[in-house]
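One structure is given below, encoded as structure tokens.
The values are calculated or read from the model by the stated rules, or taken from the named source; none is laboratory data. Just so it is clear, the model here is predicted, and its values are computed rather than measured. Backbone-built Cβ (ideal geometry, glycine too); neighbour counts: all protein chains shown. Note: accessible area is taken over every heavy atom of the protein model, side chains too, but ligands, DNA and RNA are not part of it. Shrake-Rupley method; radii C 1.70, N 1.55, O 1.52, S 1.80 Å.
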Amino acid sequence: PGPGEAGRAIDQALAALAVKIGMERHCGSVEAVYTSTGQAWAQTGKDLSNVACVIGTGGPIINAAAPEKALAGAVQSPADLNLLKPLHPQLRVDAKYILSAMGSLSRVEPETALHIMLEELRPDA
């Protein structure tokens, strides 16, 4: 028997939290700093705001009832005032676990790897 409705809801919430925490660990941030000439903004870490595509992989995302909800934490939201998360990325799901293989293939056949990824990485919704 499966985990039931409550178990699926917990799995979904854990997947969403893992994505959110993971993105917040890897994206940069900006903060106000005060200098002798007044307030300025200082960036720490990577600015991921222009990232065009976020790809989710792994069982909790692939098997989620709503992968787009699990991946939503990777996208900038009003609550993320000073985080440099992607603003408007496409959300994709690596349902067949091809990313690792495509990384290897891209070293010798980059166009083939790109073609396969565009075909296989399904949109989240």
(message) Of the conditions (1) modelled with pLDDT of 95 or more; (2) open to solvent by less than 40 Å² (accessible area, probe 1.4 Å), PRO67 satisfies every one except a single condition; which number is it?
(response) (1)
(message) So, in the stretch 24-61, exactly how many residues are closer than 14 Å to GLN12 by Cα and either modelled with pLDDT of 95 or more or open to solvent by less than 30 Å² (accessible area, probe 1.4 Å) (or both)?
(response) 4
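Does any residue of the stretch 6-13 turn out to be under 16 Å from SER77 (Cα atoms) and either over 12 Å from the mean Cα position of the chain (by Cα) or of a type in the set (A, V, I, L, M) (or both)?
no
Can you name every residue in the stretch 78-125 that is of a type in the set (Lys, Arg), buried (at least 16 other Cβ atoms within 10 Å of the Cβ) and at pLDDT below 95? Can you show your working first?
Filtering the stretch 78-125 for residues of a type in the set (Lys, Arg) gives 85, 92, 96, 107, 122.
Filter once more, keeping what is buried (at least 16 other Cβ atoms within 10 Å of the Cβ): 85, 92.
Of everything in the stretch 78-125, just one residue is of a type in the set (Lys, Arg), buried (at least 16 other Cβ atoms within 10 Å of the Cβ) and at pLDDT below 95, namely ARG92.
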(message) Can you find a residue that is out of contact with any His (no Cβ under 8 Å at 6 or more places or on another chain) and over 20 Å from GLN12 (Cβ atoms) anywhere in the stretch 64-79?
(response) yes
